[in-house]
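Data first, discussion second: the structure below is written as structure tokens.
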Amino acid sequence: QVQLVESGGGLVQPGGSLRLSCAASGIKFSINAMHWYRQAPGTQREWVAVITSGGGTNYQRTVKGRFTISRDNAKNTVYLQMNSLKPEDTAVYYCYTNDGGNIYWGKGTLVTVSS
């Protein structure tokens, strides 16, 4: 059974930091690109960042320089380090992967940036 389980969300003040984790099971984690998406209230889900199997990364323009995606293949876990958080980063953050043509999403973790 495939599971992607996000954790690490919470309430943080503007300018603060959070680190999200996504623990994967039931997939060929080390050979899959892993993505983070987010969905703010009343908006469509949007792509945030990707890390390839080889460790290459790419980011949405609005988070580049503030967010860092990384992976630990030994732990089957992908991370999203979020610094200099802004109120507009408030959203539910989801982990996503395409495992051999099968698409999987986690259930998400809520990040709220507010004073």
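Got a sec to turn the phi values of the range 94-105 into Karplus ³J(HN,Hα) couplings, 6.51 cos²θ - 1.76 cosθ + 1.60 with θ = phi - 60°, whole Hz, x for Gly and Pro?
10, 9, 9, 8, 10, 9, x, x, 9, 9, 10, 10
Taking θ = phi - 60°, what integer Hz values does the Karplus form 6.51 cos²θ - 1.76 cosθ + 1.60 yield along the range 28-37, in sequence order, with x for Gly and Pro?
Listing the rounded values in order: 7, 4, 5, 9, 9, 5, 10, 10, 10, 10 Hz.
Which of 56, 26, 42 ends up with the largest GNM mean-square fluctuation for the chain, with Cα atoms connected below 10 Å?
Result: 42 has the largest fluctuation of those listed.
Looking at the range 1-73 only, what percent of DSSP beta bridges run antiparallel? Nearest 5 please.
Around 95 percent antiparallel, to the nearest 5.
Could you state the accessible area per residue of the range 1-43 in Å², with a 1.4 Å probe and every protein chain left in place?
Result: 52 Å² of accessible area for each residue.
When the chain is modelled as a GNM with alpha-carbon springs shorter than 10 Å, which of 59, 79, 104 fluctuates the most?
The residue that fluctuates most here is 104.
Which of the trypsin sites (Lys or Arg not before Pro) across the range 1-96 are loop residues per DSSP, with 13 or fewer other Cβ within 10 Å?
Taking the range 1-96 and a limit of 13 other Cβ atoms within 10 Å, the loop trypsin sites (Lys or Arg not before Pro) found are 28, 61, 75.
Mind listing the phi-derived Karplus ³J(HN,Hα) values for the range 44-54, rounded to whole Hz, using 6.51, -1.76 and 1.60 with θ = phi - 60°, and x for any glycine or proline?
7, 5, 10, 6, 10, 6, 9, 10, 7, 4, x
What's the magnitude of the charge dipole for the chain around its Cα centre, counting Lys and Arg as +1 and Asp and Glu as -1 at the beta-carbon? Answer in Debye, nearest 20. Don't skip to the answer; put the middle values down first.
Numbers: 11 positive and 6 negative charges, 28 e Å.
Using only the charged Cβ atoms, the result is roughly 140 debye.
Largest first and to the nearest Å, give the Cα extent of the range 1-61 along each principal axis.
Taking the Cα atoms of the range 1-61, the three principal extents are 36, 26, 24 Å.
Just to confirm a number: summing +1 for Lys and Arg and -1 for Asp and Glu over residues other than residue 29 whose beta-carbon lies under 15 angstrom from that of residue 29, what do you get? Provide the component values of the computation, followed by the final result.
Details: positive: 28, 71, 75; negative: 6, 72, 99.
Charge balance near residue 29 sits at 0.
Which residue, 44, 81, 13, tops the fluctuation ranking in a GNM of the chain built on C-alpha contacts under 10 Å?
44
At a 1.4 Å probe radius, carbon and sulfur cover how many percent of the accessible area of the chain?
Whole-percent figure for carbon plus sulfur exposure: 47.
The values are calculated or read from the model by the stated rules, or taken from the named source; none is laboratory data. The shown structure was predicted, so the numbers you read here are calculated from the model rather than taken from an experiment. Virtual Cβ from ideal backbone geometry, glycine too; neighbours counted across all protein chains shown. The protein model used for the area step is the full one, side chains on, heavy atoms only, and it has no ligands, DNA or RNA in it. Shrake-Rupley method; radii C 1.70, N 1.55, O 1.52, S 1.80 Å.
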